[in-house]
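Reviewing the structure listed below.
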Amino acid sequence: MSALSKGSALFCEMGVGKTKTVIDTAELMFSQKIIRTIIVICPLSIVDVWCGEKGELALHSSYSVWSALIGVKKNRIFHLDTYIKNRLNWYVINAEGLATIEKEFSQKIFDMAIVDESTTIKNRMAQRSKLVVKLFQKVPYKIIMSGNPTPKSPDEIFSQYLFAEPGIFGTNYTKFRDEYFITDYFNKIIGYKEKEEFERKFHSIAFRKTKQECLDLPPKVYQAIHIPMHAEQQKIYDKMFKDAIAYYEDKTCAAPVVITKMLRLSQIAGGFFPLEEGSKAIALKINPKIERLLEIIQEVPIEEQIVVWARFRKEVELIFERLSKEGISSVKFYGAVSTKERIKSRELFKNKEVRVFIGNPATGGKGINDLVNATTVIYYSNDYSAENRTQSEDRNHRRGTIKVTYVDLVMKDSIDEEVLTVLRSDRDFSEALLNRSVTFSKIKEK
């Protein structure tokens, strides 16, 4: 167990048992009287994966008790103050929730700190990353967990190792960057100086396993369906593309900067007209994409479940309403849905009480293990993150899965096509745009 004193990194792909491995390790350490209290920091969407009624701790622990530090401040403090003697006490909180009870955390002593989905602290400049490092720097045993800890750039590991074991890469980012990497004029990493040394240190505390090494999984099957826009939708899209302003009924939508323009084009392709920030969006009267989605769902055998991923809240709501109108049972899972409703949605889908799970990849794409029954996964739309795409795909591609078909609904001659192309090359679309490897002429090329 002494090796854990420097911190550990568990970089295993989704589905191979990271959480069970950590629970087994912690309980062994508890049985040897090494630890008694553990704090787990993770995205809100997977708090229940750890400590729900049917969560990983309930399934795999023997000596443990656990509390979810979620909800209002008073509730978080109450559960943080709960301690059961002669048991391994787990406290699970979402990363954003730490700031809510920062003072109380600073007065609490933990024997182990775990960051699940450690890419949540990959940005060294983010306040939550700084807070996690500060609050738990004196905890003797630390573990970071991720399937892909550096989705964009190798220097993203700095903040994660600063938490887990600062002795590996030090505490000075500039020194770390200059020692191991080659940068351009803007300090963007473009290559390695000491790649072998970097990898040696990287793996000195890390354990890595892939699904191919552990599981006998079928290959992923991909299909892209290109859908022509309706004439009115095309008119709105072209106006936004050309002039960065569009009109629908008596409403106006403008996009003064490039990134906003790209966002508006994605929204129009998704079948709704975005209004000014803070206002409700208007659903287009005719939406070919949602009609094609309905056709695909109806083509899938009735006994099979389906997962639909959509980027925008409005899209999730439109899909839910359309399926309800057709008598197709479904549940919603996105940021504005309460924790209680998210838990209920997952249970309904897992128990096959509903047929379709409609989720947002940024919210539901990490940590959820209840979607494995689905044989068809439909991407109504993609966000610009390659990590979100990979994570959401692997909600189904895990132990117990059969062949899964991933279907992308792509509006013809729209931004959808370029986004999908970039994501399939494992790059973030927004980054590709900023690097000018994607241009408006490519997006609108016919």
Which ones in the stretch 315-337 are within 20 Å of Glu295 (Cβ to Cβ) and buried (at least 20 other Cβ atoms within 10 Å of the Cβ)? Glu315, Val316, Leu318, Ile319, Leu323, Ser330
Test set (1) modelled with pLDDT under 85; (2) of a type outside the set (Phe, Trp, Tyr); (3) in the same structural domain as Val410 (by TED's automatic domain parsing) - Asp216 fails condition number: (3)
May I ask you to list the residues in the stretch 304-335 that are assigned to a loop (DSSP other than H, G, I, E, B) and modelled with pLDDT of 85 or more? Glu304, Gln305, Ala310, Arg311, Phe312, Glu326, Gly327, Ile328, Ser329, Tyr334
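Is there a residue being surrounded by fewer than 16 Cβ atoms within 10 Å (Cβ to Cβ) and within 30 Å of Gly17 (Cα to Cα) anywhere in the stretch 111-122? Explain how you work it out, then say what you get.
Applying the first criterion (surrounded by fewer than 16 Cβ atoms within 10 Å (Cβ to Cβ)) to the stretch 111-122 yields none.
Looking for residues that are surrounded by fewer than 16 Cβ atoms within 10 Å (Cβ to Cβ) and within 30 Å of Gly17 (Cα to Cα), one finds none in the stretch 111-122, hence no.
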For the stretch 336-358, enumerate the residues that are hydrophobic (A, V, I, L, M, F, W, C) and either assigned to a strand (DSSP E or B) or under 20 Å from the mean Cα position of the chain (by Cα) (or both). Ala336, Val337, Ile343, Phe349, Val356, Phe357, Ile358
Only listed residue being more than 29 Å from Ile282 (Cα to Cα) and of a type in the set (Asp, Glu), chosen from Glu347, Glu317, Glu321: Glu347
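Restricting to helices (runs of 4 or more DSSP H) lying wholly in the stretch 364-446: which have 2 or more residues that are at negative phi, at pLDDT 85 or above and among the hydrophobic types (A, V, I, L, M, F, W, C)?
Answer list for the stretch 364-446: 415-424.
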Restricted to the stretch 338-386, and to residues that are of a type in the set (A, V, I, L, M) and surrounded by fewer than 21 Cβ atoms within 10 Å (Cβ to Cβ), which residue is farthest from Glu291 (Cα to Cα)? Ile343
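Rundown of residues vs (1) aliphatic (A, V, I, L, M); (2) loosely packed, with under 12 Cβ neighbours inside 10 Å, yes/no style:
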{"position": "Phe181", "(1), (2)": "no, no"}
{"position": "Asp184", "(1), (2)": "no, yes"}
{"position": "Gly191", "(1), (2)": "no, yes"}
{"position": "Phe207", "(1), (2)": "no, no"}
{"position": "Thr210", "(1), (2)": "no, no"}
{"position": "Asp250", "(1), (2)": "no, yes"}
{"position": "Thr260", "(1), (2)": "no, no"}
{"position": "Ile268", "(1), (2)": "yes, no"}
Within the stretch 282-291, does at least one residue satisfy the condition of being surrounded by 20 or more Cβ atoms within 10 Å (Cβ to Cβ), more than 24 Å from Asp394 (Cα to Cα) and in contact with a Cys (Cβ under 7 Å, 6 or more places away or on another chain)? no
Mind telling me which of the residues Leu294, Leu263 ends up being in a helix (DSSP H, G or I) and touching an Asp or Glu at 6+ places or on another chain (Cβ under 8 Å)? Leu294
Give the residues of the stretch 402-426 that are over 18 Å from Leu263 (Cα atoms) and among the β-branched types (Val, Ile, Thr), sorted by residue number. Ile402, Val404, Thr405, Val407
Select, from Met125, Met145, the only residue that is loosely packed, with under 14 Cβ neighbours inside 10 Å and within 20 Å of the chain's Cα centre (by Cα). Met125
Any residue in the stretch 88-95 that is of a type in the set (Ser, Thr, Tyr) and modelled with pLDDT under 95? no
Can you report the number of residues in the stretch 195-211 which are within 30 Å of Lys138 (Cβ to Cβ) and not in a strand (DSSP E or B)? 9
For the structure I just gave you, tell me whether Pro166 is more than 27 Å from Ile109 (Cβ to Cβ) and not hydrophobic (A, V, I, L, M, F, W, C). no
Subset of the stretch 241-270 [in contact with a Pro (Cβ under 8 Å, 6 or more places away or on another chain) and of a type in the set (Gly, Ala, Ser)]: Ala244
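The values are calculated or read from the model by the stated rules, or taken from the named source; none is laboratory data. Note that the coordinates shown come from a computational prediction; the quantities given were computed from them, not determined experimentally. With ideal geometry, Cβ positions are generated from the backbone for all residues, glycine too; neighbour counts draw on all protein chains shown.
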